[in-house]
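Note sheet for the following structure.
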Amino acid sequence: MKPQDEYHFWVYILSNRSHILYIGVTNNLRKRVMKHREQTPGTFTARYKIIRLVYCERFQYINNAIAREKELKHWTRAQKIALIEAANPTWEELMPDEPVIAPPPSNADSLRE
């Protein structure tokens, strides 16, 4: 079993293209986001196609993460948007399906072939 200080808990916000928001808490962010992306019928995230991770915070203790989740859920929509945009102004996907691989640098030798 892991020592307590090795556990991580996450409060996260997912969105869709229309900026409909979903707030949750988990101990495995990647697994939880992938679960939302499965689009299980009947769920809020499936109904509104909410699959883009736009904000997250890490906590050491679950009680702090749950308290933060509850706090955020009581915020106004404007406050939530301000929080997201302070950390992620362009609402970029923070956990893309495929890692972005930069193309190899070009050099003069490759142009001669």
(request) Give the order of His36, His8 when sorted by the count of other beta carbons within 10 angstrom, beginning with the fewest. (result) His8, His36
(request) Starting from the Cα of His8, step 7 Å toward the Cβ, then list every residue of segment 59-93 with an amide N under 16 Å from that point. (result) 59-62, 65
(message) Stokes-Einstein diffusion coefficient for segment 10-98 at 25 °C in a medium of 0.890 mPa s, Rh from the Kirkwood formula over Cα pairs: what value in µm²/s?
(response) 185
(request) Give, rounded to the nearest 20 debye, the magnitude of the charge dipole that segment 10-98 has about its Cα centre when Lys and Arg contribute +1 at Cβ and Asp and Glu contribute -1 at Cβ. (result) 300
(message) Rounded to the nearest angstrom and ordered from largest down, what semi-axes does the equivalent ellipsoid of segment 20-66 get from its C-alpha gyration tensor (root of 5λ)?
(response) 21, 10, 10
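Each reported figure results from applying straightforward, stated rules to the coordinates on display, with no laboratory input. Not measured: the values here are computed from a predicted model. Every residue, glycine as well, gets a Cβ built from its backbone with ideal geometry; the counts of neighbours run over all protein chains shown.
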